[in-house]
Amino acid sequence: MTERVAILGGGTGGAVLANNLAERLGPEIDAGDVEVTLINDDPDHVYKPVWLYIPFGQREPADGRRPLRDLVDDRIDLTIDRVTAIDTDGKELALRDGAGPLGYDYLVVATGSTLADDEIPGLAAGGHDYYSESGALALRDELLSMTEGHLVLSVVGTPHMCPAAPLEFVFMADDWFRKRGLRDDVEITYTYPIQRVHGNPHIAEWAAPIMDERDINVETFFNAESVDPDAKTITSMEGTDLDYDLLAAIPPHRGVDVVDEAGLGDRGWVDVDKHTLEAEAADDVYALGDAATTGVPKAGSVAHYQAGVLSQRLASEIRGRPATATYDGKTLCFVETGMDAASFVEFDYENPPSPAPPSEKLHWSKLAYNDSYWLTARGLL
């Protein structure tokens, strides 16, 4: 009897997992004893960290896209379609374009994050994000034409993808305007929903003095409630109004509706055991990356490490052995502190982050990793 593994989502977690399974279960796949199907609603694989560099003219959209088929092992069945329903009792997936339901024995939800700017009145019309290709391109146009005024970076929703990216943006914007001789004419303000500049207290303690040194204004405990695109103001639930000339906003994030409809979690996030990545509400269902509520950041490195753990667990399950691999919360991230300097953090469930002193070497290390990312997606790094 063939064991069927279905992976829902072809981002970092889904692609790395599929390739790891192809390598780990190669003999079983070749013998027809195992089938691995990767389902994605876009023929391209998107590397979203590239979007941060587009507003500053450092990258183009094509730098963040590759055909998914080129990245995934030939032994993986790739289906370009959208899953419209998950039946965890019948172990079936309904597909938008498919002729019939797709059955599975093991399901991995790797559906990532989606932007939900419609949850904040006026945000879509009044703000620009760099968490999407279109948003990054629009923000690039606005930045290039800005020679004076007030730039506001507002973290509207948490949790969100790449928690360091809001800090990176204001650090890069500060340096970018300075290098162009415009910083004295451009005021920069950073807002965050809680009473510090980052969700992690160790990173917040590191970042706050840098902001102070660079004259970046900070508004903490600022929970954005609405945006008035005509008046160019953003208003918080706490009653604070900020005028802006350019608003770069981190929109609220959510997962996909089919997760909620299947009873696997809320807001599209799958409730899982943070060590085994097993779904709490259904048997033989796992989640990884942004879709999994493990308490760690929604970052590509998290999905990468979790995919390695999950490939081991699934291989053990399929071979009838105890699954012993566990995820320890490992996360690592480069943090740009300007246009040519960066820091680096690494942490897990037990060990908090301790950001490294910014350096040009770390900046180039981040750029080198961005360029070599496609090897990671192929499961080669």
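ALA173 meets all of the listed conditions (1) assigned to a helix (DSSP H, G or I); (2) closer than 20 Å to PRO297 by Cβ; (3) in contact (Cβ under 8 Å) with a residue 24 or more places away in the chain; (4) open to solvent by less than 70 Å² (accessible area, probe 1.4 Å) but one, namely (2). Of the residues making up the stretch 344-372, just one is among the polar types (S, T, N, Q), under 25 Å from PRO201 (Cβ atoms) and either touching a residue at least 40 places away in the same chain (Cβ under 8 Å) or in the same structural domain as TRP176 (by TED's automatic domain parsing) (or both), namely SER354. Residues that are within 24 Å of TRP51 (Cβ to Cβ) and open to solvent by less than 50 Å² (accessible area, probe 1.4 Å) within the stretch 207-228 comprise ALA207, ILE210, MET211, ILE216, PHE222, ALA224, VAL227, listed in sequence order.
Looking only at the stretch 328-350, filter to residues that are open to solvent by 20 Å² or more (accessible area, probe 1.4 Å) and either hydroxyl-bearing (Ser, Thr, Tyr) or part of a strand (DSSP E or B) (or both); which one of those is farthest from GLY57 (Cα to Cα)? The selected residue is TYR349.
So, in the stretch 351-379, how many residues would count as being outside any loop (DSSP other than H, G, I, E, B) and under 20 Å from VAL46 (Cα atoms)? The number of residues fulfilling the criteria is 12.
Which is part of a strand (DSSP E or B), of a type in the set (Val, Ile, Thr) and in contact with a Phe, Trp or Tyr (Cβ under 8 Å, 6 or more places away or on another chain), of ILE210, ILE234?
Numbers: ILE210 fails: part of a strand (DSSP E or B).
Testing whether each residue is part of a strand (DSSP E or B), of a type in the set (Val, Ile, Thr) and in contact with a Phe, Trp or Tyr (Cβ under 8 Å, 6 or more places away or on another chain) leaves just ILE234.
Pairing each residue of the stretch 179-192 that is hydroxyl-bearing (Ser, Thr, Tyr) with any residue that is open to solvent by 30 Å² or more (accessible area, probe 1.4 Å), provided the two are 6+ apart or on different chains, yields C-beta distances under 6 Å for THR189/ASN217; TYR190/VAL218; THR191/GLU219; TYR192/THR220.
Based on what the data block shows, is PRO159 touching a residue at least 24 places away in the same chain (Cβ under 8 Å), over 23 Å from LEU8 (Cβ atoms) and in a loop (DSSP other than H, G, I, E, B)? No; evaluated as a whole, the condition is false for this residue. Considering each of ILE203, ILE194 in turn, give the residue that is in a loop (DSSP other than H, G, I, E, B) and assigned by TED's automatic domain parsing to the domain that holds GLY122. Testing whether each residue is in a loop (DSSP other than H, G, I, E, B) and assigned by TED's automatic domain parsing to the domain that holds GLY122 leaves just ILE194.
The set of residues in the stretch 240-282 that are open to solvent by 60 Å² or more (accessible area, probe 1.4 Å), closer than 30 Å to MET146 by Cα and either in a helix (DSSP H, G or I) or without any contact (Cβ under 8 Å) to a residue 60 or more places away in the chain (or both) contains only ASP241.
The values are calculated or read from the model by the stated rules, or taken from the named source; none is laboratory data. Fair warning: this is a prediction, and the values are worked out from it, not measured in the lab. Because the Cβ atoms are built from the backbone with ideal geometry, glycine has one as well, and the counts that use them run over all protein chains shown. Side chains are part of the model used for accessible areas, which takes the heavy atoms of the whole protein and leaves out ligands, DNA and RNA. Shrake-Rupley method; radii C 1.70, N 1.55, O 1.52, S 1.80 Å.
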